[in-house]
Amino acid sequence: MGHRRQWMVLWVTGVQPVWADWAFNLPAPRSDIAARINDLHVLILLICLGIFLVVFGAMFYALFKYRKSAGHAARHFHANATVEVIWTVIPFFILVGMAWPATRAILAQKDTANPELTVKVTGYQWKWEYDYLQDGVKFMSNSTTPAEQIANVAAKGAYYLREVDQPMVVPAGKKVRLLLTSHDVIHSWWVPELGVKQDAIPGFIRDTWFRADAPGTYRGQCAELCGRGHGFMPVVVEVKSPADYQIWLAARKAGQAAEVAAATEPISLAALKQRGEKVFTVSCAMCHQANGQGIPGAFPALAGSPLVNGPAAAHIEWVLNGKPGTAMPAFKDQMNDADIAAVITYERAAWGNRGTPVRAADVKALRR
Amino acid sequence: MDAAAPALPHGQHSAPAGLWRWLTTTNHKDIGTLYFCFAATMFLVGGSMAMLIRAELFQPGLQLVQPDLFNQLTTLHGLIMIFGVIMPAFTGFANWQVPLMIGAPDMAFPRMNNWSFWLLPVAGLFLLFSMVLPGGAVAAGWTLYPPLFLQGGISYDLTIFAIHIMGMSSIMGAINIVTTILNMRAPGMKLMDMPMFVWTWLITGFLLIAVMPVLAGAVTMLLTDRNFGTHFFDAGGGGDPVMFQHVFWFFGHPEVYILILPAFGIVSTVLPTFARKPLFGYRSMVYATASIAILSFLVWGHHMFTVGMPAAAQLFFMYTTMLIAVPTGVKVFNWIATLWQGSLSFEAPMLFALAFVCLFTIGGFSGLVLAMVPVDVQLQDTYYVVAHFHYVLVTGALFAIYAGLYYWLPKWTGHLPDPALSRWHFWLSAIAVNVLFFPMHFLGLAGMPRRIPDYALQFADFNRIASIGGFIFGASQILLLIVIVKCVRGGEKAAACAWEGAEGLEWSVPSPAPYHTFGQPRELR
C-alpha cells in the first residue's frame, strides 16, 4: 500500500504541471464559480481514481493469481453476507462525502441575487445579442472567422472559430447577472474559464451569474445543437477593469447614437450595396451561401428567385417577419432599417438578379 | 446458413425454404438469427457514418462533409446504433437464449415474434431513405429537441413514423419476452432459480413496456406541433420547449438501462463459466438490477442540468443519480468476487467480459463526475459526455454483445469460433477503443462541444488521435465478421457443453441446438 500511496503522490504533484500544458483538465478558472467547479472536479476525480486502483488492483491480482494455467483450482463459494453489506454501505458514505461539497457549490451557483450589472443575452441562429438593460446599450456579436479559413483556402488564425466582431464587455470583480433567452431554437451560452453554461430557451428567461477575477479575454461557444451554424457561434467575453469598462460604455453609447443618426442619412446606391454585402456575409450566407445558390432542399436559392426579382414590398416583408416553422428568422428585431434595406438591395442586384433597390424608408414603412 | 439452421429433425411438418422461410418463420431461433443479421447490417451502416464523422474531425476546417450532412450523420448514427444495433442485438440474444435457458419450447407468442422483427427493417429503411429526401435526413440530434426539430422538412415526419414503428416492435418484443419468462419456465424453476441473463431481460422487458409509449407520446406531440397547429413545445402558443426534454428523458434514462441491463446479464453468465465457479451474490445481483431499474425513473433531470431548473430540482436529481452508483458498485464487486479464487481461463468471451467490467466502470466513474451538478454545468454537451456514453455503450453494451456472441456461437452453429482470430479481434478492439474514446474526456474538459463539424485549433491534437483510434476500431470489426462467417461454415466441432465451466439448460441440448428444443417439459430437481 505504501508504494501505491507514493505513486499517487508522484502522480498528483509531479504530473500536474504537464496537465496544464497539454490541457488534460478544465481550463484554469478565472472566476470564483469556475474555481469551485475545478476544485470539485479534481476532488471527485481523485476519489474515483483511488477506488479504481483499489478495485481493479484486486481484479488484476485475481486474474494473475487464480489462472487455470497456473494450476489454480476453483473454490466454490458464492455468497458472503458480511462483505456484501460492507461494499453496499461504504460506497454510500463515500457518496455522501461527495454530495456535501457539490451541494454547497450548487447553492452558490444558483444565487443570482444582488448583481452589480445585468446583461440580457439573446441567442439567434447563429449569433448572440447583448443588451445592457441599465445602460441602454445593445449590440449583436457575430463570428468573424472568414469562410476561406473554414474551407481551408486561407491559413487559420489563432482564434479560429472563437472570434467575434463585438465581444461582450464586463467589469472585473463585479457580480454580473445574465438573463438568457433565445429568438428561435435552444442555444447554450458557455464560457469555460468563467464557469458559466446556461441554455437560452425561446419564450423563457433563465438567469445565471459570474464574477470575473481579472481583466482578460475569455472564449467559449454555443453548447446546444442549434442547426447548421452550431459550430460557428462563438462567445467572447472581454473583462475590463471597472475604469476601462466605464470608458468603453461611454464610447459604446456615443457610437450607438451615431449609428442611429447615420441610418437616416442619404447613401449612394453603390455604398448601400457594399454595406448589404457585409450584412449578407454575416447574417445570411450561412444558409443561402455566398453565391446565393442556397442548399437544395434545405435553404432556397436567392439567385433567380421570383421573390427577390419581384415587387420589393414582398421581399421586405419576408425579411422582416421571417417564415415561421423554418430556419428563416424574423430579422426585424435583429437589424435596423438601414441594414435591412442594404442587404435586400444587395440581394436584388447580386448573382444576376434584377430587382429594384430598397431604401431604409421603405423598410420603416412596412414595419408592424 | 445451413449449419446455423439445420433441417427439420423428423419431418413432422414441412416448412417453406429460402426467403419465404425467413419471412414467415415463427421459430425463436430463426427470429433470433434474423435480429442478429439486422443488427449486423445496421452496425455496418451506423459504423460507416461514425467513420465519416471521425474523418471530418481528423483536422480543423471542413473537408469531407458540410455542416448539414454532418448533423444528419451524428443524428442517424445515434438513432441507428441505439434502435438498430444494440436493442435488436439484445433482442436477438433474448430470442435465442431465453427459451433455451428456461427450458421453453419457443416464445410465448411466436407469430407476434415474427411481426416484431419484420417491423424493424421497415423502420430502418425509412430512416435511411430519409437521407435522399429534399433537405436530407433528420439533423436535430438523436434527442430530437424542439424547436430545432420543428424547423426540419419532410424527413423529420418520416423519422417520427420510423420511431413509432420501432417502438411498436420493441413493445411487442418486450411483452413476448416477459410472458415467456413468467409462464414458460421448466417445471421446478422458480424465479430465483433463473439464470441471471433471464432476470436482466425480465426487468428490461418491464422497462421497455413502461417507457416506449412515453417516447411515442413525445414524438406524437412533435408530429402535431409540426403539422396540426398544436403548441406543446412552442412558447408562442403557451407551450414549453423544455417540456419535451422532460418527457424525452423520462423515456431516455430508463432506455439507457434497457441498453445495459442485458449486458450485465451476459457478463454475469460468462464470468462464472471461465472462473469455473458460481456467480457470487446471485440474490444481491437480482436486487441490484431491480433497484437500478426503479431508480432509472427518478434521474431523468440529470440530462438537463443546464436548462435552468431550480436548485431543489438539481439537488434531487443529483442525489438520486449518485444513488445509482451503489447498486452498480455492488454488481462490479460481485463480478470481481466471482473471479476471486476461481480457476480462470481467457477465451474470447472471457476477454470481452473482463474488458467490459473494467471499461464499463470507467464509464460509470465519468457518470459520477457528470452527476455533480456544478461539474456537469461545465461538461454538459461536451465531448466529455460523448466519451462517457461511448464507454458505457461501446465498451459496455457492445463488448457484452461480443462476449455473448463468442460465448453462444458454438451453441448456435455447432462450431467453436477461431481462437486466434477472435483474440486478435479482442486486442485490436480493446486497445483502439481506448485510443478512440479516452482522449474525448480531455477534449470535453478543454471545452469542445459535441455535435460540431469543425473546431478551434486547440482541440486538433486529441481529435487526430481519436480519429486514428476510430479507424483502427472500425477496421477491427471486420475480423468479427470473418470469425462469425467461419464459425457458421465450419471449424472445430463444439460439444453439447461447449465450455468447460458452463452451466445451464442451454448446454444440455446438442450443439448446434436442434430446430425444436424442449418439446417435452424438462422436470428440474
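The values are calculated or read from the model by the stated rules, or taken from the named source; none is laboratory data. All values reported here derive from a predicted model rather than from experimental measurement. Reconstructed Cβ throughout: ideal geometry from the backbone, glycine too, with neighbour counts over all protein chains shown.
For this structure, a couple of remarks:
- Filter result (within 7 Å of chain B (Cβ to nearest Cβ) and out of contact with any Lys or Arg (no Cβ under 7 Å at 6 or more places or on another chain)) within region A:185-204: A:185, A:186, A:192, A:195, A:197, A:201, A:202, A:203, A:204
- All positions within region B:232-275 that are part of a loop (DSSP other than H, G, I, E, B), over 19 Å from residue B:306 (Cα atoms) and within 11 Å of another protein chain (Cβ to nearest Cβ): B:234, B:238, B:239
- Residue B:57 vs. criteria surrounded by fewer than 19 Cβ atoms within 10 Å (Cβ to Cβ) and of a type outside the set (Lys, Arg): no
- Flag if residue B:385 is touching a residue at least 60 places away in the same chain (Cβ under 8 Å), touching a helix residue (DSSP H, G or I) at 6+ places or on another chain (Cβ under 8 Å) and either of a type in the set (Lys, Arg) or assigned to a helix (DSSP H, G or I) (or both): yes
- The residues on offer are A:112, A:88, A:103, and the sole one that is within 22 Å of residue B:282 (Cα to Cα) and among the β-branched types (Val, Ile, Thr) is A:88.
- Those residues of region A:265-278 which are assigned to a helix (DSSP H, G or I) and surrounded by 13 or more Cβ atoms within 10 Å (Cβ to Cβ), in sequence order: A:272, A:273, A:274, A:275, A:276, A:277, A:278
- Selection of region A:89-125 for residues being of a type in the set (Ser, Thr, Tyr) and surrounded by fewer than 17 Cβ atoms within 10 Å (Cβ to Cβ) yields only A:112.
- Residues that are closer than 30 Å to residue B:234 by Cα and surrounded by fewer than 19 Cβ atoms within 10 Å (Cβ to Cβ) were ranked within region A:339-365; the one that is nearest to the chain's Cα centre (by Cα) is A:364.
- Boolean, residue B:379 is surrounded by 24 or more Cβ atoms within 10 Å (Cβ to Cβ) and either over 21 Å from the mean Cα position of the chain (by Cα) or closer than 30 Å to residue B:314 by Cβ (or both): yes
- Scanning region A:321-365 for residues that are of a type in the set (Ser, Thr, Tyr) and either assigned by TED's automatic domain parsing to the domain that holds residue A:184 or in contact with a Phe, Trp or Tyr (Cβ under 8 Å, 6 or more places away or on another chain) (or both) gives a single hit, A:346.
- Condition broken by residue B:296, with the remaining ones in (1) within 10 Å of another protein chain (Cβ to nearest Cβ); (2) crowded, with 21+ Cβ neighbours inside 10 Å; (3) touching a His at 6+ places or on another chain (Cβ under 7 Å); (4) not aliphatic (A, V, I, L, M) satisfied: (1)
- Residues that are in a loop (DSSP other than H, G, I, E, B) and either under 25 Å from residue B:397 (Cβ atoms) or touching a residue at least 24 places away in the same chain (Cβ under 8 Å) (or both) occur in region B:88-103; there is at least one.
- A Cβ distance below 6 Å, combined with a sequence gap of six or more or placement on separate chains, defines the contacts here; from region B:347-358, residues that are under 15 Å from residue B:416 (Cβ atoms) and touching a residue at least 12 places away in the same chain (Cβ under 8 Å) reach residues that are surrounded by 24 or more Cβ atoms within 10 Å (Cβ to Cβ) and not aromatic (Phe, Trp, Tyr) in the pairs B:348/B:422; B:349/B:270; B:349/B:403.
- Flag for residue A:79 being assigned to a loop (DSSP other than H, G, I, E, B), facing chain B (nearest Cβ under 9 Å) and surrounded by 14 or more Cβ atoms within 10 Å (Cβ to Cβ): yes
- Residues of region A:56-68 that turn out to be more than 7 Å from chain B (Cβ to nearest Cβ) and free of Cβ contacts under 8 Å to residues at least 24 places away in the same chain, as a count: 4
- Counted residues, region A:285-316 - those being more than 14 Å from chain B (Cβ to nearest Cβ) and part of a helix (DSSP H, G or I): 9
- Flag if residue A:153 is assigned by TED's automatic domain parsing to the domain that holds residue A:253 and crowded, with 20+ Cβ neighbours inside 10 Å: no
- Criterion: under 29 Å from residue B:358 (Cα atoms), charged (D, E, K, R), touching a strand residue (DSSP E or B) at 6+ places or on another chain (Cβ under 7 Å) and touching a residue at least 60 places away in the same chain (Cβ under 8 Å) - qualifying residue of B:464, B:450: B:450
- Set B:140, B:123: member being part of a loop (DSSP other than H, G, I, E, B) and on the phi < 0 side of the Ramachandran plot: B:140
- The residue list B:405, B:393, B:457, B:421 contains one member that is touching a residue at least 24 places away in the same chain (Cβ under 8 Å) and surrounded by 24 or more Cβ atoms within 10 Å (Cβ to Cβ), which is B:405.
- Condition met for residue A:200 (in contact with a His (Cβ under 6 Å, 6 or more places away or on another chain), buried (at least 16 other Cβ atoms within 10 Å of the Cβ) and either farther than 25 Å from residue B:67 by Cα or in contact (Cβ under 8 Å) with a residue 12 or more places away in the chain (or both)): yes
- For region A:318-338, the set of residues classified as farther than 29 Å from residue B:157 by Cα and surrounded by 15 or more Cβ atoms within 10 Å (Cβ to Cβ) consists of A:332, A:334, A:335, A:336, A:337, A:338, listed by residue number.
- First in region A:150-170 and within 10 Å of chain B (Cβ to nearest Cβ), second anywhere and buried (at least 21 other Cβ atoms within 10 Å of the Cβ) and hydrophobic (A, V, I, L, M, F, W, C), Cβ under 6 Å, 6 or more apart: A:160/B:456; A:161/B:456; A:162/B:456
- Looking across A:121, A:89, one residue alone is in contact (Cβ under 8 Å) with a residue 60 or more places away in the chain and of a type in the set (Val, Ile, Thr). It is A:121.
- Considering the conditions (1) over 22 Å from residue B:392 (Cβ atoms); (2) of a type in the set (Phe, Trp, Tyr); (3) buried (at least 24 other Cβ atoms within 10 Å of the Cβ); (4) not assigned by TED's automatic domain parsing to the domain that holds residue B:503, residue B:228 is excluded by exactly one of them, (3).
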